[in-house]
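Student: Can you keep this structure in mind? I'll have questions shortly.
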Amino acid sequence: MAVRYHEGVGRRKTSSARVRVMTGTGGFTVNDKPAADYFTRLGDMHAIMAPVRAAGLENKLDITVKVIGGGVTGQAGAVVQGLARALVVLDENLRPAMRAQGLLTRDSRMKERKKPGLKRARKAPTYTKR
């Protein structure tokens, strides 16, 4: 029998995370490493586990994540959204709880492009009168 999993995709800035959730014992791997080894910053693991806490499913799911692009914060945000989406696929009744905490909303903030004639996206060269 094939292993039954539920999948969700999350994105943040330039990061993209594919999250697979299946019933199990609480294993959590990110890019074939334990999640705590991959996300070493203090708040990241706490933020990533927010969807699981909201669903009340701690230590009842095995979670595997493939995340690419961006930096640490963007990847963590992508994993949060992907995990929330996967849990909603697992149980549609979790949607209001996830929505109430803002876990399903795509954070649309991206790096702004550099414009011609400017030094960066908005910084203009120093004005000189003469």
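Student: Out of the residues in region 32-51 that are farther than 23 Å from Ser108 by Cα and either touching a strand residue (DSSP E or B) at 6+ places or on another chain (Cβ under 6 Å) or of a type in the set (A, V, I, L, M) (or both), which is modelled with the lowest pLDDT?
Tutor: So, considering only residues that are farther than 23 Å from Ser108 by Cα and either touching a strand residue (DSSP E or B) at 6+ places or on another chain (Cβ under 6 Å) or of a type in the set (A, V, I, L, M) (or both), the one modelled with the lowest pLDDT is Leu42.
Student: Which of the residues belonging to region 86-95 are surrounded by 10 or more Cβ atoms within 10 Å (Cβ to Cβ) and of a type outside the set (Val, Ile, Thr)? Working first, answer last.
Tutor: Going residue by residue through region 86-95, those that are surrounded by 10 or more Cβ atoms within 10 Å (Cβ to Cβ) are 86-91, 94-95.
Within region 86-95, Ala86, Leu87, Leu90, Asp91, Leu94, Arg95 meet the criteria.
Student: I would also like to ask the following. Go through (1) free of Cβ contacts under 8 Å to residues at least 60 places away in the same chain; (2) part of a helix (DSSP H, G or I); (3) within 21 Å of Thr29 (Cα to Cα); (4) touching a helix residue (DSSP H, G or I) at 6+ places or on another chain (Cβ under 8 Å) and name the single condition His46 misses.
Tutor: (4)
Student: Based on this model, can you work out whether Pro125 counts as over 18 Å from Thr29 (Cβ atoms) and either more than 17 Å from the chain's Cα centre (by Cα) or in contact (Cβ under 8 Å) with a residue 40 or more places away in the chain (or both)?
Tutor: yes
Student: Let me ask something additional. Of all the residues that make up region 11-55, how many are surrounded by fewer than 18 Cβ atoms within 10 Å (Cβ to Cβ) and farther than 17 Å from Val89 by Cβ?
Tutor: Looking only at that region, the number is 21.
Student: Could you please let me know if Ala100 is of a type outside the set (Ser, Thr, Tyr) and under 15 Å from the mean Cα position of the chain (by Cα)?
Tutor: On the way: of a type outside the set (Ser, Thr, Tyr): yes; under 15 Å from the mean Cα position of the chain (by Cα): no.
The answer is no for Ala100.
Student: Additional query: Go through region 55-78 and give me each residue that's part of a helix (DSSP H, G or I) and either in contact with a helix residue (DSSP H, G or I) (Cβ under 6 Å, 6 or more places away or on another chain) or of a type in the set (Lys, Arg) (or both).
Tutor: Of everything in region 55-78, those that are part of a helix (DSSP H, G or I) and either in contact with a helix residue (DSSP H, G or I) (Cβ under 6 Å, 6 or more places away or on another chain) or of a type in the set (Lys, Arg) (or both) turn out to be Ala55, Ala76.
Student: Can you name the residue in region 101-112 that is in contact (Cβ under 8 Å) with a residue 12 or more places away in the chain and under 12 Å from Pro51 (Cβ atoms) and is also surrounded by the fewest Cβ atoms within 10 Å (Cβ to Cβ) among such residues?
Tutor: The extreme case among them is Gln101.
Student: If you check Gly117 against the conditions, is it in a loop (DSSP other than H, G, I, E, B), under 18 Å from the mean Cα position of the chain (by Cα) and without any contact (Cβ under 8 Å) to a residue 24 or more places away in the chain?
Tutor: No; evaluated as a whole, the condition is false for this residue.
Student: Gln81 is checked against (1) exposed (fewer than 15 other Cβ atoms within 10 Å of the Cβ); (2) part of a helix (DSSP H, G or I) and fails just one. What number does that condition carry?
Tutor: Gln81 satisfies all of (1) exposed (fewer than 15 other Cβ atoms within 10 Å of the Cβ); (2) part of a helix (DSSP H, G or I) except (1).
Student: Among Leu83, Leu87, which is the only one that is within 11 Å of the chain's Cα centre (by Cα), at pLDDT 90 or above and of a type in the set (A, V, I, L, M, F, W, C)?
Tutor: Being within 11 Å of the chain's Cα centre (by Cα), at pLDDT 90 or above and of a type in the set (A, V, I, L, M, F, W, C) holds for just one of Leu83, Leu87, which is Leu83.
The values are calculated or read from the model by the stated rules, or taken from the named source; none is laboratory data. Source: prediction; values computed, not measured. We place every Cβ from the backbone using ideal geometry, glycine too, and count neighbours over all the protein chains shown.
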